[in-house]
Structure formats: C-alpha cells, structure tokens
Amino acid sequence: GAASPNAGPLPGVEAPAAEVPKFTAAPSWKSIPAQGMRKAEFIVGDGAQPAHVTIFEFPANAGPMISDPLNNINRWRGEIGLSPLEKAGLVGATQAIDVDGKPAIYAPMIPDTSKPEESKANEATLAAIVKTGDQVWFIKMRGERDLVKKHEDEFKSFLKSLKFSHDK
C-alpha cells in the first residue's frame, strides 16, 4: 500500500541546520524564544540587567570571520570594551576544552577591575567555539560583569552537557 500523504517526512531525514543540540541548562535559567541565527536563548539572573546565554550555528565555510577564533574573540572583546588580543595572546586568554567529544575553545572575557583600562567595562562575555563537521557553534553568555562571573560555573556545566546529534 502507498504511504498516506500526510505521514510527514521520513524518520531520520531532517534538515541538519534546524537541529538544536541537546543540553541541560541550570534550573535558574529561563528559556526564551530564539530568534534569527540563534538556536537557543536563556535569560540568567533576575535583576534589571540579566545576562543572556545564546547558541548560534554557522556553516564552517561562511568565511574567515566565522572560522578564525581570534577574529570572533576580538569582536566579542570589543563589544564589552576590552582591547583586542594579538594572536600570541590568544593562548593565555583561552582554554582548550572538550564539548561532546569535540575540541573547543573556551574564552572567558571578564574585565579585570584592577586594570584602569578595563575598570570601566561593566559587561563580561563567556564564549565557546565548537566545530562539528561542517558547522561552527558559538555558545555565549553576556551580561553584567559580576553576574556573568557568578554564573561561570553554570555556564561551564552547560557546555559540558551539550550533545550535538548530527555528526557528519
């Protein structure tokens, strides 16, 4: 017999771009609808200025801006008022981590209030860059400096919980 016309797509045949990794978010994080390029978004903290956690996915071949960690990290540093890193400074400012068995870069960008040039930066960003096959994932927490610092352990646990289902 023929399959009924409204049976939907074949099981296991999905557009890979639509997949969201599986994860475990901290209980205090509030999930909000993800928009645009975002695959998931959360609000962290109850104050007037909560931090946001976002997951973005890009094709790895979308250009050097996507595939070059230094470019991305310097863009994010600039967003919160930190000076750009030289390529040699990248090693000291990042950690090699493992996310779902894949090598990833973890970049905590928390202004050092003891440095005059960073003391006015009141925002911080925690970011991870994970490459899975043909995709590059950016996972970020951005918000008020002390709030982000306070939730860094939760963010690291969140990174450890990520599972990317579409290995190609």
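The values are calculated or read from the model by the stated rules, or taken from the named source; none is laboratory data. Values in this document were obtained by computation on a predicted structure and should not be read as measured data. Neighbour counts run over all protein chains shown; Cβ positions are idealised from the backbone, glycine included. Only protein heavy atoms, including side chains, enter the accessible area calculation; ligands, DNA and RNA are left aside. Shrake-Rupley method; radii C 1.70, N 1.55, O 1.52, S 1.80 Å.
Structure summary
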{"read-out": "3 or more residues at pLDDT 90 or above and within 16 Å of residue 147 (Cα to Cα): qualifying strands (runs of 3 or more DSSP E) within the range 24-73", "value": "38-44, 51-59"}
{"read-out": "Pairs, first part of a strand (DSSP E or B) in the range 94-107, second charged (D, E, K, R) and open to solvent by less than 80 Å² (accessible area, probe 1.4 Å), C-beta under 9 Å, six or more apart", "value": "97/156; 106/156; 107/77"}
{"read-out": "Single match in 115, 149 (criterion: open to solvent by 10 Å² or more (accessible area, probe 1.4 Å), among the basic types (Lys, Arg) and in contact (Cβ under 8 Å) with a residue 24 or more places away in the chain)", "value": "149"}
{"read-out": "Check on residue 77, within 19 Å of residue 42 (Cβ to Cβ) and among the charged types (D, E, K, R)", "value": "no"}
{"read-out": "Selection count where residues are in contact (Cβ under 8 Å) with a residue 40 or more places away in the chain, surrounded by fewer than 14 Cβ atoms within 10 Å (Cβ to Cβ) and farther than 26 Å from residue 121 by Cβ, scope the range 29-59", "value": "1"}
{"read-out": "Odd one out for residue 81 among (1) surrounded by fewer than 17 Cβ atoms within 10 Å (Cβ to Cβ); (2) more than 17 Å from residue 142 (Cβ to Cβ); (3) touching a residue at least 40 places away in the same chain (Cβ under 8 Å); (4) in contact with a Pro (Cβ under 8 Å, 6 or more places away or on another chain)", "value": "(2)"}
{"read-out": "Residue 83 being over 29 Å from residue 27 (Cβ atoms), at pLDDT below 90 and small (Gly, Ala, Ser)", "value": "no"}
